[in-house]
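Written out below as structure tokens is the structure these notes cover.
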Amino acid sequence: MSYVIFWGCHIPARFTHLEYSMKKVLDAFGVDYSENERFSCCPENYGIKSLGHENWLLTAGRNLALAEAMGRDLLCACNGCYSSLKSAQAELSWNNFARDRLNQALLEFGLEYQGTLQVKHFLEFFYEEITPSGIKRRIKRPLLEIPVAVHPGCHLLSPSKFLRFDQPLVAKKFDQLVSATYAKPIQYLTKFLCCGGSFNYAGEDELSLEAVRTKLKELNQLSASAIITGCPSCYSQFDTGQLLLQRKGEKFNIPVLYYTELLGLGLGFSSEELALDRHRISVDSLLEGLKEKEARLSRFKGIIDLEMMAQCLGCSACRDDCPGIKLTNGKFDPFEIFKQILNGELEEVISGKQIWQCLDCYTCYELCGQAIGMNRFFQELRRLSVGEGLGLDSVKSAIDSFKNTGLVVKPSQSVRKRLGLKELKPLPEAEIKGFFLKLNEKKRGLRNE
């Protein structure tokens, strides 16, 4: 994986914190990347393309040639840049006349465009090279099913004839990348509505704000904790636009995060390490919501390994072989239970019946490449349930019998007698009860140490 990053105009000039978070995350994954100070504007499709198609195409071609000369593929940090450069690359692949014109112009600068490089959006890179499952395995701070709204933006997906990252209007890959952090992408009607940023070029400020307002109204109703985007223009539209709406007295307060900021939180970086204080709309509500969920789970820290549970959920390789899932026709779903726990709903889980539907058969353990086995979590969950006095009546009965007699069932002496087997004598009650009393005293001692 060797890339040169195409930042575009907005990130280096106005949103340096987005550049900062991108570099933090790429470094965390060990990505080999470099930069090139000779890149110009991509150029963008709306205003600069009005200078003429050839000017637009050849300027994009120059940027492609600069990247190609470095022997690296191009990684775009902006939807608009991705759309322009990818579309230009496609046209130059079949338009021999345009490619010859480009190379004539490049000759005096010692450059030549051959069309050998790949152009990728950074989200495309994360999806194809790192993969959602690869991200899940690296998460140190699961984002506990916090509800967020994914905003793909128009030029991540269109024109689909050239981009091909995902299906326009039904795209799911960005959602999968967000889910990999254990945040929860919500589904909403205005998901694929344009942010309205181009209205600003046209001097239509009110129409620009109306585009922002329309999406925010729906997300307010759905209690979204944040908007997640992979485009600096969309980011600006919702972050700055929302501030302008607030100044008009409109009550919107939904933080807007670039994807690498969200991923950075999941990788364990602090808000200070990601420079999240640079946002116009404070991210405090998102961080406080996450901390509240973490606090609900804190009393169980050390009892249940939440990071390992998140890894187990990220793999899910044993799902198709779990007898509990098969025999209940999917009504028992351990991975949904894990999501509930990571959402801070541990009390609800240990109060329910599903934790008792794990058969403890060790199928998952035998299939697990890490020798984890999700049954270990259900053993701990059942122990917590019993400790809170929430176990099933049948389990409580068996435990009472065990504590009093050392056995979980009462032997049928009459059947044994008919078969000529000797009568089973009860275990010494005093010894059994005394043994458990000492065990409990030892446990209390360990807790106090």
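Read the figures in this text as sums done on the coordinates, not as results from a lab. Since the structure is predicted, the reported quantities are computational estimates derived from the model, not experimental observations. With ideal geometry, Cβ positions are generated from the backbone for all residues, glycine too; neighbour counts draw on all protein chains shown.
Among 335, 300, 377, determine the one that fluctuates most according to a GNM of the chain built with springs between C-alpha atoms less than 10 Å apart.
In this elastic network of the chain, the residue with the biggest mean-square fluctuation among 335, 300, 377 is 300.
If you add up the charges near residue 117, with Lys and Arg at +1 and Asp and Glu at -1, over every other residue whose beta carbon is less than 9 angstrom from its beta carbon, what do you get?
So the environment of residue 117 carries a net charge of -1.
Would you mind checking which residues have amide H under 5 Å from residue 33's amide H? H placed 1.01 Å from N; only 5 or more apart, or other chain.
3
Under 8 Å for C-alpha pairs, at least 6 residues apart: give me the relative contact order for the chain, rounded to a whole percent.
13
In whole Å, what are the Cα extents of the chain along the three principal axes, biggest one first?
Here the Cα extents, ordered largest to smallest, are 103, 51, 43 Å.
Among 339/396; 326/396; 136/301; 24/120, which pairs are too far apart, with a Cα-Cα distance over 22 Å?
339/396; 326/396
Quick one: plug the Kirkwood hydrodynamic radius of the stretch 253-377 (C-alpha pairs) into Stokes-Einstein at 25 °C, 0.890 mPa s, and report D in µm²/s.
The estimated diffusion coefficient comes to 149 µm²/s.
Size of the dipole of the stretch 306-391 about the Cα centre, Lys and Arg at +1 and Asp and Glu at -1 on the beta carbon, nothing else charged, in debye to 20?
180
If you build the convex hull over the alpha carbons only and average its shadow over all orientations, what do you get for the stretch 306-391? Give it in nm² to one decimal.
For the stretch 306-391, the mean projected area of the Cα convex hull comes to 5.0 nm².
Quick check: net charge around residue 245, other residues with Cβ under 15 Å of its Cβ, Lys/Arg +1 and Asp/Glu -1?
Here the count lands on +1.
With θ taken as phi - 60° and the coefficients 6.51, -1.76 and 1.60, list the Karplus ³J(HN,Hα) couplings across the stretch 185-194 in order, rounded to whole Hz; mark glycine and proline as x.
x, 8, 9, 8, 5, 8, 3, 9, 6, 4
Could you order the peptides 188-198, 108-118, 73-83 from most to least packed, using the average number of other C-beta atoms within 10 Å per residue?
Result, highest mean Cβ count within 10 Å first: 73-83, 188-198, 108-118.
Considering only 379, 413, 221, give the residue with the highest GNM mean-square fluctuation for the chain, with springs between Cα atoms whenever their separation is below 10 Å.
Of 379, 413, 221, the most mobile in the Gaussian network model is 413.
Tell me which residues come under 5 Å, amide H to amide H, from residue 182 once H is placed; ignore anything under 5 positions away on its chain.
Here the answer is 143, since their amide H atoms fall under 5 Å of that of residue 182.
About the Cα centre, and with charges only on the beta carbon of Lys, Arg (+1) and Asp, Glu (-1), how big is the dipole of the stretch 232-339? Nearest 20 debye, please.
Taking the Cα centre of the stretch 232-339 as origin, the dipole is about 380 debye.
How big is the stretch 131-298 along each principal axis, measuring the range of its Cα positions in Å and listing the largest first?
Over the stretch 131-298, Cα extents along the principal axes are 49, 42, 28 Å.
Taking amide hydrogens as modeled 1.01 Å from N in the peptide plane, which residues meet the under 5 Å criterion relative to residue 226, leaving out close sequence neighbours?
HN-HN under 5 Å from residue 226: 149.
Would you work out the charge dipole size for the chain about its Cα centre, treating the Cβ of every Lys and Arg as +1 and the Cβ of every Asp and Glu as -1, and quote it to the nearest 20 debye?
With only Lys, Arg, Asp and Glu charged at Cβ, the dipole is about 2180 debye.
Just name one of 384, 328, 351: the one whose Cα is farthest towards the positive end of the charge dipole of the stretch 306-391 (beta-carbon charges, Lys/Arg +1, Asp/Glu -1).
Farthest along the dipole direction, towards plus: 328.
Among 151, 415, 55, which residue has its Cα furthest toward the positive end of the charge dipole of the chain, with +1 on Lys/Arg Cβ and -1 on Asp/Glu Cβ?
415
Of 123, 224, 88, whose Cα points farthest to the positive end of the dipole of the chain (charges on the beta-carbon: +1 Lys, Arg; -1 Asp, Glu; origin at the Cα centre)?
Of 123, 224, 88, it is 224.
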